[in-house]
Each structure stands twice: as C-alpha cells, then as structure tokens.
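Scroll down for the structure; my scribbles are underneath it.
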Amino acid sequence: MTTETLIWLIPLPPALAFFLIVLLTNKSKALSHSVGVGAAILSWLASMVVFVRALGVEHLGEEPFASSINWLPTGSTWLKIGVLIDPLGAAVLFFVSITIFMIFLYSVGYHNFGQPAGDHDRKGLPPHGATIEEHGHKHMVPSVEPMYSRFFAFLALFAFGMYVLVVSDNLLTMFVGWEIMGLCSYLLIGFWYGKESARNAAIKAFMTTRIGDVFMLLGIAFLYSATGTLTFREIFREETLHALASVPSFWGFSTAGMIALLLFIGTVGKSAQFPLHVWLPDAMEGPTPVSAMIHAATMVSAGVYAVIRMFPLLSLDPQTMSIVAFIGAFTALFAATIAVAQNDIKRVLAYSTISQLGFMIAALGVGAYIAAVFHLITHAFFKALLFLGSGSVIHGMEHGVLHTGNHNVDPQDMFNMGGLKNKMPITFWTFLIGGFALSGFPIITAGFWSKDEIFADAFANGHIVVFITLATAAFLTAFYTMRQITLTFLGEPRTKEAEHAQETPWTMTAPLVILAFFAVTYGWVGIPEHFPVLGGLVPNWFHEFVGGTLAEHPEAVEFSWVPLLTSLGVALGGLFFGWFVYRNVNSPAEDKLQIPVLRNKWYFDEIYDFLFVKPATWFAEIFVYKWMDKGLIDGVLHSFGPVTQGLGSVIRNYIDLPVINRFFGDGSADVTYWFGGKLRAVQTGRVQHYLMFALVTFVVIGAVLVAFGLLA
Amino acid sequence: MTGEQIVFLVVALFTLGSGFMVVTTRNLVHAALWLVSTLFGVAVAYTLLDAAFLAVVQVVVYIGAIAILFIFAVMLTRKDLLDQGPQMNKNWWFGALLAVSTFGGLYFLLQGWDGLSKTATAIPVGFDAVTELGTELVSPAAYVLPFEVASVLLVAALVGAVYVAFNKK
Amino acid sequence: MVPLSWYLIFAAALFSMGLFGVLSRRNAVAILLGIELMLNAVNINLAAFWRYGNVMDMAGQVFAIIVFAVAAAEVSVGLALVISVYRRRNTVVADEIDMMKW
Amino acid sequence: MSFWNDPLKVAADWLLGIFTGWGMPEIAANILIGFLGVLLLISVLMVLDIFLVWVERKVVARFQDRLGPNRVGPFGLIQPFADIIKLIIKEDTTPGGADKVVYNIAPMLSMMSVLILWAVVPLAPKMLGVDLNIGALYIIASGAIGTLSIIMAGWSSNNKFALIGAFRQVAVMVSFEVPMLTMLLIPTIFAGSMGMGAITEAQDIWYVFLAPLGAVIFLIAAIAELGRAPFDMAEGESELVSGYNIEYSGMKFGMFYAGELLHAFTFGGFWSILFFGGYRFFGLEQVNPVLAIAVIVFKAMLGYWIIMWVKYTLLRIRIDHMLAFNWKFLTPLGFTLLMMTALMNALLAGTPTWLYISGMFLSNVVIAWVALEIARSVSRREREKVEGPKQVVEAIHH
C-alpha cells in the first residue's frame, strides 16, 4: 500500500469504531472497548508506518507525502481536499497516535472494567462503588462506569477528529476535524451530565471555544477570498505569501497578518490562551482520560498545531508576531501564578497546561518555530503522563474513600493526600519524572531541552521582555510542580483515605511507564550542537527533520550562556523552593500563598460573568422575552385572530355556501349525474363491444383525416 | 416472377388460409391446430426474411408453448368445446365489416407510402444476425433494459397466472 | 425479389383476420387465438422492416423478441383468467361475462 | 480430393455432372441432389432404427436376465424385420369418433420431429445437413413439434386414457424443456456458438469435464423429454394401459415406437455431441470421415446404452413428483449452474487451461453438492411431516 493511501486510511478506524460502538456493540462493554482500543491500535500502527517511511525520505519538506481529490465544484475549479504528511505532520502524528493509544488503554482501567455494577450508580454520574460479599464480610469496591461504551464511542470520535486535523492538507478539513473535536470535548466534559458542575463546564467550554472558532472561520473565509485556495502548500507558495504580505488590510495589518491573527484567535480559544482560557480548568469535571486527551494529546495541541501550520503566514507580519508573543508570554506567567494557589491536583495541571501552551505560543511569537514544535511534543508526552498519573492518584484515593466509606472527602484535593509515595510507587516515580520534565529538570528530562531551546531563541532574537516573563513563568512552574509532588506524595498521609489508597491496575500504570519513557528520552533527539559537553554527542535530529518543513531552513541560534544558566537556575530553584516551602504544610490554612486573588484565578470568571453573561441573560430574559416577545409580537399576533375570524365568516356565508357549494359544486355533480344516467347504457360490460367502439372511433378519425388530406 | 416470390406466395396463402380457419372453424381444438399451422407459416416467412432466429423462437415459443397452452385451455373449459350454439356472436357481421375496413384502411395507407416498392439489400458477408442480436440484447448501450423488463414481465405473468388459475379449495 | 409491400399487405391481412376473430368469436379462448394472429402479423411487419431497412440495426428483431415475451405473458394470464372464470361462472362465452356494467 | 476423404462431396459432384448432362438446370439439379441426400440419410436412419429395436430388446433381456430374441436369424438379428412385417400386415384401425385427420397426422409428426433433428447432427468434419448457427434452439423446436404430435394423438383418439396420458406427457415435456434448454446453453457458452458443428469443433477438451453436472442434468431432461422410465408416467400401463398411443395399431403405433427409439438414440447422439466431443476422438476424425462417423455412432450408442440402463433400472415416478422435481429442483439447479458457468467463464477468461478446467469442474461439483444437501434436508423435513420424527428405541436391558 502506498504511503498516501495509508495516510488516507489513518483516521478511518476510530470513525468506524465510533459508529460500530454507537450502533451495534453498545450493549457489551468488552466488545465496545475492544473495538475502541483495536481502532486506536490500528491507527497507531498506520501512523508508525507512515512515520518510519517519512524518516526514510530525504528532503521530506520539499516533497512530502501528499495526495488530494476534487471535493466540491466551485464554479470552474474544484475545492480540493487531501492529505499531507510533511516533517511537522509526521512528528505531530507520532506523538498524537501514541498518546491517543495510551489514553484508550488507560480508560479501560480508569472506568473499572471488570468490576461489578454499582449498587446505586445512575447514568450521568460517576460510579459510587459496589458492595461485594467476600468470605463473610462485605466491603466496597470500585464499580464499573454505567456509560462505559458511550465513553469509548466519544473517545473514538475524538481521535477521528484529531487524526483528520493532523493529516489534512488544507484548512477546510482541518477545521472540520477541529470542530469535531470541539463537539467531542463538549460531550466528554459533560460526560457525567448528572453533575451540574459538569454540565456548566461543558457549556462553558463549548461557548468559549466557539468564540475562537468563529474568528477562525472568518480567517479561513478571508484567506479563501484572498487566495482562492485553502491548501497549505498552495498558500505557502512564495508568490502567494508575497502577495498576501504586500496587500494591506484593516488597522495597519497586512492581509497575511490579519488572516494569521484571525486564525490565531481560533487557537486562543482552542488552546485556552489568555482571554479565553477560562474554560480549561473547569473542563476538569470530565473523567481524567478526557482531561489528558483534551489537555495533552489532542485539542490544545491542535490549537498550537494550527498556529504552527500557519507559521509561514504568521511570520510575514511583525505586528501579529508581537501580539502572539505577548499573549503567549503573558498567559504563561499569569496561568503559572494561578496554578501556585490551586489545591485540586488536576486544576494545578490544567493551569500549568495553559502556561506551557503560553510558552509555545510565545516561542512562535519570537519566531522559534522548531522550539515551539519541540516543546509541543515533549509537553504532550509529559503532560499526558502527569494527567494520567494524577488520574491514577485520584483513582487510588477513591479506592481509599470507598474503603472508609466517608464520601465527603474530596479525592482530588491535594491536602487530603500525602505520603502516597509508598502506597503507589509506580504512579509516584512516573509522576516524579513527569513533574521534573514539566519543570525542566536539567539534562535528563525532555522538558529541559525544549524549554531551553525556547529561552535560547527568545534571547537570541532579542525579545528580552518575553525572555524575562517566560523565565519567571518557568520558575513558578517548577515551584508549583514541586509543591504538588510534595503535597501529594511526600510526607505523611493526612487522611485515613490516603492511608488506604492503593496502586492501580496495569492498564493504567502501563501507559504511565511508556509515557514516562518518552518524557525522558524524547528530549535527546533535539540537543543543540553548540551545547557544552553534550552538544554533538547525538546529532540534533529534530532540528534537521522538522526544520525541513519551512521553505528556508531556520539555522540553529548560536549558543549563549545566559539562557542556559537562567533555565538551570529557575528549574532547580523552583524545585528547591517548592519542596522547602511545602515540606511540612498540612492544611490550606498554613499555605502562605493562598491569597484570594490567586485562589480565585484573578476573578476572571466573575469578570466575565459581569461583563458578558449577566447582560446576555438580561437581554434574553427581560428585553427579548418580556418586552419584545410577550408584549409586542404576541400583542400583534393576538390581534390577528378576531379579524381573520370575522373575515372568514363573511366569506363563508356570502360566497362559499351559496356560490361555490350550491352552484358550482352541487351543480356540476347534478350535471354529471344526469349525463351518467344517459350514457351508462353504452357500458355493456362486454369487452368486444368496447373494442368495437374503439375501432369505430379509430376508423372514423382516420377517415376524417384522410378526407381532409391531413394524412397520406 | 422468381422462385422466391413463388415460395412467398405459397407460404402467404397457406398462412392466410389457416388463419382464416382459425377464426372460422367451429371446433376449437381444430382452431388451435390451425393456429399452429398459421404459426408455422409465419415461421417460414421469417426464414424467407433471413430471420432464422425468429423462426426457431417462433416454433419454440408459439408452437411449443402457446399453442399447447391453448389446447390445454380448450380442453379444460370443456363445456363449450363441442359446439352447442353458434361460435359467432350475434353482431359478427359488424366485426367482419370493421376487419375488412381496417384492412382497407391499412391498404390505402400503404398505397400512399413511397418506401413500399423497395427491395431488400443483400446481407453483408460475415454479418451474423444471431450474434448481433444476442450482443445487442445484453449490451447496456442497446436493449438490455427492455430485455430485463420483459423478463420481469414474464415472471409477473407466471406468478399471476398461477395465482389466478389456482383452485382455491 | 419480393418487394416490401407484399409482406406488409400479408401482415395487414393476417392482422385483419385476427381482428375479426377477436371481434366476433363467442368463446374467450377463440378471442385469445385472434389476438395471437394479430401479434404475429405485427411481428411479420417488424421482421420485414428489419430486413428491408438497415440490416445492421437489430431494432426490428429485438422488438419482435419483446413481442414474443409479451405474447407469452398475455396468453398465460389470459388463459388463466379464462379458466378461473370458467371455474366460477361455468362459462367461457365472452357475452355472458358482462358483470362489469351498470 | 479422393473419394475416401469426402465421399458425399465426390458423389454430389458426380451426380451433378450426370444430371446436368441430361440437360437439367443447375438449380433443379442441386435441389434434387439435396433431396437425394436427405433421402439417403433418412433411409440409413430407418435401418438403424430397425436395428435399434433389436438392440433394445436384447439389452432389456439381458437386464432382466433373459435371452431376448434369438430365434429369427443369428442372435435374432432378423427379429425386428419380422416385427415390422407383422406391424404392416396388421389391421390399421381408426376408432370411431376419432378426429380422423388429426389422428392420422400425429404419428407422422412424431416421426418427423425426430428425423428433422438429424439435419443438424455433425456426422464428420464438414459433413452435416445444415450448419445452423442456432442448432441448440433447433433441437428444442423439434421437441415442440414432438409435443404437438403427442397432444394431437392423445386428443384425437377420443379416449380418456389417451387424453390423460397425452396431458401428462405434454406437461412433462413442456416442463423439462426448460432445464434442457438451459443445459444446451452451457456448451454454447463454452463454444461461443449454438451451432452443433462449431460446438464439436471447439471441444478440444470434452465439455463433460467442464460441466459434468450439466451433462447429468441434460441427460435427465432428455430422458424426461423421451418419456422413458423413470419418467414414463405418461404410459403407465398400470393405470393408463399405454398412454397417448393406446388407440394406435399397426404401423402407426410402429411409427410412435420407432420414433421413441430413434429419439432415444438421437439424444444419446446429442449428448455425445454436446459433452463428449461428437465425432472427435484424439484426431481420429481427421484420418477419414468414415472413421469419424463410426466414432459418433459409437458414442451415440453409448449414450443410448446409458438411457436404456436408466430405463430398466429405475422405478416409475409419480407425475406430481416428476413435475415438482423439475420445477423445484432441476430448473433452479440448471439456472444456478448456467449463471455460475457464465460467471466463471467471465472470471477465468484468459487464465491457463488447467486452471480454467479445474475451476469449472470445481464449481460444478460444489453446486451439485450444495443442491443435494438442500434436497436431502428438505426431503427429510417432508418425511418427518408425513411419518413423524424418528423414534430412537432404547435397548432393553435384562
């Protein structure tokens, strides 16, 4: 099979799995998850084959795997859709397929497959656990998710969307995948629709991302009207870009800049950048695999991926670049500050995700293309690892909760944990690796290399402000990461639940181990040549490979000690302080950093509530509903009724009954009846007579025709 | 008057004669048998027209199936077989009149038509009508659709006939 | 060489005979016999037009084949009707089968 | 062009020379020669027919563990002539109330329907009456005439046994024409022509290897067409005395009888032509036309032998079973086989010969197997409906 065909086929298995599960196998849990996981494996294998073949190609950037077909006729020409795997695509495909596969695997364990059905579990609520009788005494065990199959169906659809987005060679199908994922994130965040918080979170996420998507759609439309094509390789042709850059548009932006900006807003929504970041922390209401899915593997990466795709367009306009850089850096810092004061283990990770995405965006803003991609991938690995790890922790805690039966202990609150190191060793070590990678622990972890590269580029390109901001953010990152680890794993158990927490099944730990492996090693493919000692031990493969995507290959920045020392300092310092401050903090009260403004996320939700939600509600309920609808429109409508009635009765009495009914209706009936009475004698009921009549008519007509010379 | 014309005239007279017997004989079985001979004559006419396939199909379908079916039907409806009463209905003269007038009309129309006296061109060598017919019957470019429709019609007729004639007791 | 007109007139005559049979026989089976004659006349015309027209164009023969099929169907159904009528009303005289009137 | 390579041609030329020598116009001479040829063929067939009577009686005798005719002449070879003389000198009765004309035409038609078949039988390369490119249909057409003769005989002899017999026979013949025609189409598919000569020439491998099932079905249909056992309900002596020819006596009966025998032999011949390569026998036919004729006669004899074998081995089948067997089993099977053959032919076109042959053969075998399985299960269900499910009798322990 040619690589192109294979690429076409990659998104297929999840889609099929979705329909299979929804339509056929949703009765059987085992069947459903085997279908789902099977699909994930198939796509993963295909992706790996594609990836390996991609590695084999020299100058993949110049001639990537691409094939396209005509889709929509647009006047004389066609709207083409197709697939494209260039170095960027290959790299992204690599981690996406792996993470998706891992998450499928993980979900099996997370939803307690194989456990008995819950005593009083209801659809739309998290399982509460089941009582089982074991040699004499009852005790609670985790119970299986009631909507197990549905979860895998959604997951599969989500994977489909992501694959479509990655392999598509044009903005249109990319946007389609983008929207599919938007829908699925809505469905999955609101998966436990029984919980009001989940419902609200789902709606919030949907709405917020929708804002971005609308702008993105505008950008796409603008691009199409400007260039007449949506295919990347045609947009990124030299003359096209030049034309776009030269034509000015509104507010001093060039067309390219404007388009890039609009598309970027889409990304802001999707990957939760500064103004539209609010939905992401709430999205934690979804099951943990969803969090990992959305926050590491697919959606947020998708946002960044989109911007990276559009980089050639983006880089044309310095104004846009600076905006991007600013937003990225600001997000990085400010999300980090919030993360410091969160107690929910997953929310911390959520905010750290936002801030890490900020890093990537900022990197793009300063033109560090490769660094952005690199960080995207490494981050995907270690953040997926962290989320799954936290999920595993929560799972263990839930086990403890079930054991004690005290259900008002929040298994996600870090202050309820502590000392889990010994209870859940695998989870602990993998989580530790993930955390160090996140905080950029020097040399061994992947996070270090990607972050360091960002610093280096930012510094070398002379964006000092961005550089300092990011450095601060990085420090905070290390800090809250260590805080999290300390509170969760180190020290003594603070609750009985924490004492009875226990390690999770292999389906959950295996992905952790695998991801941990990548979280460490993936950094080594991108070690800069000029790095002291290590530089050049392993070639900077990543730079070479991904760099090929761009038309002119970006050369590596020359080495400088400042960023290196900075990153070393912030990472180690942050980690140290994190441990030092929280080594014996046992309750939120003792936590000095719990200042309200941080706890309440700078009051963003409240501000938005005041600025947008309240007015919208007022407009809808008071203005439109009460005044417009009830008052004006209904009034008018109600006045119609009587008038029409009167008119109708007049027409009936003076026109309908006498004229239509009597005269035309009955009259015609009478006439027909009379004629029928006269003519019925003709109908003898004998077939031969009928034939004779017909023939006579025929002969007569023929005779007439001939007589008047109309024939022959 | 060539040999072919003589043959044609003989065949035509034979056919018309037996056709006349078909519509006039009192004994219906004889009528059916006369029909058979008429069909034979038509078959010979086909061969004179170099349509051998039609001729054979005529024999197979009409004589092998339809005529036999008629004989069956005549014997199954035995009551009127041995002919009490007239075989003609009471206004048969009018039918005859109409038939004759129809023939006259057709003849008149034919008189007015120019392509009437044209004679057949020789069939080109190597042209196999049967092969051609077969390919055209099943080629989508030509007549496969009517062909299929005809088959459907036959199936419908088969089912219908069985259903109608089935003795529900 | 036989001119086309002979065939056409031959067919016309056969057709008229069939018509006469259809119009004036009492027995329903006999009526069907007449119909057969008419169909055959038509077929002769078709074959003749094929032969005297463009031989390469098989339309005439194809039509003839279709007419065969139609004739077979018509006879089977017609005779089936006759038989079932005979079962129910114990007659095959067309004039006596006249329930469908006022 | 010596006499031995193509005797008929030489003879024809010779005669032409003579006739034209008498000042006869060439067309008339040719017509006359053709007529003479037909005469020759028919008379040869008649003699063969007489010989067949002897064969039949000998064989049936052997089957029934008798000696058969052995008094008149060596091995009773003269017996049939004696029979014929007897038939001829017998009184030729025509029952009162019979429809004279029809009654007398029927036997001739019956004989004719068999004889005209031989117009398309290829006796040797380039030696056949007329190479119709629609030979297959021609066979069916002659069968139609046979049907006609039988119903005429049955109806005209004004005898209810005859009528019932004729009805049965005609019903059987009309029904079994369908699978027969279907099977005729299978060699047509292989050879790409309906002409008997072409089919024979195309048989480098005998079609029985390509369509064994087809050969079997054709044989069954042929036997039913002949109205011989096990399909001889039409003349079931036990209830119909003798079926449609009950009233016939003397040479008229003789014609029916001879017609049936010759019909059987002819179908043996067609069987061999369609499925066993006709006059072809490892290039023997190329040596000399006489050899070719010998080959095809031999093969036809074999076919005839098999038909007799069946006749004297199997029991008579009830008429409704016969028709049900045809419409519910044989015809669907035939259609399936035809479709499958056409399909395989299209699929295997251009593949090496061994693959083509094996593919065809296997498809036949598979279809046959499936059909038999279905038939078996259905019949088992029927049987249980009649006599209830099998009781398993427990062994009694003492």
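Where a number appears in this text, it was derived from the coordinates with a stated rule and is not lab data. Since the model is a prediction, treat every value here as computed from it, not as a measurement. Here Cβ is always computed from backbone atoms with ideal geometry, including for glycine, and neighbour counts include all displayed protein chains.
Data overview
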| item | result |
| --- | --- |
| More than 15 angstrom apart: percent of Cα pairs within the range D:242-281 | 53 percent |
| Largest to smallest principal axis extent of the C-alpha atoms in chain A, angstrom | 116, 74, 56 |
| Separation in nanometres of the label points that stand 7 Å from Cα toward Cβ, at D:F281 and A:V465 | 11.0 nm |
| For chain A, share of DSSP beta bridges that run antiparallel, in % to the nearest 5 | 95 percent |
| Within the protein assembly as shown, percent of DSSP bridges classed antiparallel, to nearest 5 | 95 percent |
| Inter-label distance, nm, simple model (7 Å from Cα along the C-beta direction), A:F604/A:Y193 | 2.7 nm |
| At 1.306 mPa s and 10 °C, Stokes diffusion of the range B:1-83 via Kirkwood alpha-carbon radius, µm² per second | 118 µm²/s |
| Packing-based order for A:246-253, B:140-147, using average beta carbon neighbours within 10 Å, highest first | B:140-147, A:246-253 |
| Distance between the range A:1-58 and the range D:294-357 - C-alpha centres, whole angstrom | 50 Å |
| 15 Å Cα-Cα reach of D:K126 towards aspartates and glutamates, excluding residues that sit fewer than 8 places from it in its own chain | D:D6, D:E201, D:E285 |
| Candidate aspartates and glutamates for bridging to A:K626, where Cα separation is under 18 Å - those fewer than 8 sequence places away on the same chain excluded | A:D634 |
| Cα gyration tensor shape of chain B, rounded if a/c is under 1.5, else prolate or oblate by comparing a/b with b/c | oblate |
| Within 10 Å of each Cβ in D:142-149, the average number of Cβ atoms from other chains | 5 |
| Between helix A:667-679 and chain A: long-axis angle, C-alpha atoms, 0 to 90°, nearest 10 | 60 degrees |
| Listed peptides A:656-666, C:80-90, A:448-458 by packing density, highest first (mean Cβ within 10 Å) | A:448-458, C:80-90, A:656-666 |
| Sites A:V659 and A:A681 - FRET efficiency at Förster radius 25 Å, r taken between beta-carbons, to 0.05 | 0.15 |
| Under the span-like rule (Cα at least 27 Å along the axis, Kyte-Doolittle mean at least -1.0), DSSP H helices of chain D | D:26-63, D:135-156, D:160-191, D:250-275, D:289-313, D:353-387 |
| Among D:A136, A:T566, A:Y163 - extreme Cα towards positive end, dipole of the protein assembly as shown, charges at beta-carbon | D:A136 |
| Exercise: per-residue mean of other protein chain Cβ atoms within 10 Å, A:691-697 | 4 |
| Three-way shape call for the range D:66-118 based on the alpha-carbon gyration tensor, with the a/c threshold at 1.5 | oblate |
| Sites D:I205 and D:L343, calculated FRET efficiency, Cβ-Cβ separation with R0 22 Å, nearest 0.05 | 0.70 |
| Length-normalised contact order for the range D:90-317 - Cα pairs under 8 Å, 6+ apart - percent | 26 percent |
| Nitroxide proxy distance, nm - points 7 Å out along Cα→Cβ at A:N406 and D:L8 | 11.3 nm |
| Long pairs among D:K58/D:K90; A:K204/A:K496; D:K160/D:K385; A:K346/A:K496, criterion Cα-Cα beyond 27 Å | A:K204/A:K496; D:K160/D:K385 |
| Gyration tensor verdict on the range C:4-96 (Cα atoms; rounded if a/c is under 1.5, prolate if a/b is larger than b/c, oblate otherwise) | oblate |
| Between 0 and 90°, nearest 10: helix A:687-707 axis offset from chain A longest Cα axis | 80 degrees |
| Estimated FRET transfer efficiency when R0 is 56 angstrom, pair A:F576-A:W71 (beta carbons, to 0.05) | 0.50 |
| Residue-averaged beta-carbon neighbours from other chains (10 angstrom radius) around D:128-138 | 3 |
| Helix A:634-651 axis, angle to chain A major axis (alpha carbon atoms, nearest 10°) | 10 degrees |
| Cα centroid separation, the range A:65-104 to the range D:55-119 (Å) | 86 Å |
| For the range B:48-122 and the range D:238-273, distance of Cα centres in Å | 33 Å |
| Packing rank of A:676-689, D:141-154, where each peptide gets the mean count of other beta carbons within 10 Å, highest leading | D:141-154, A:676-689 |
| Normalised per residue, the volume of the convex hull around the Cα set of the protein assembly as shown (Å³) | 361 Å³ |
| Built amide H within the under 5 Å cut-off of A:L79, gap 5+ | A:W71, A:L72, A:T74 |
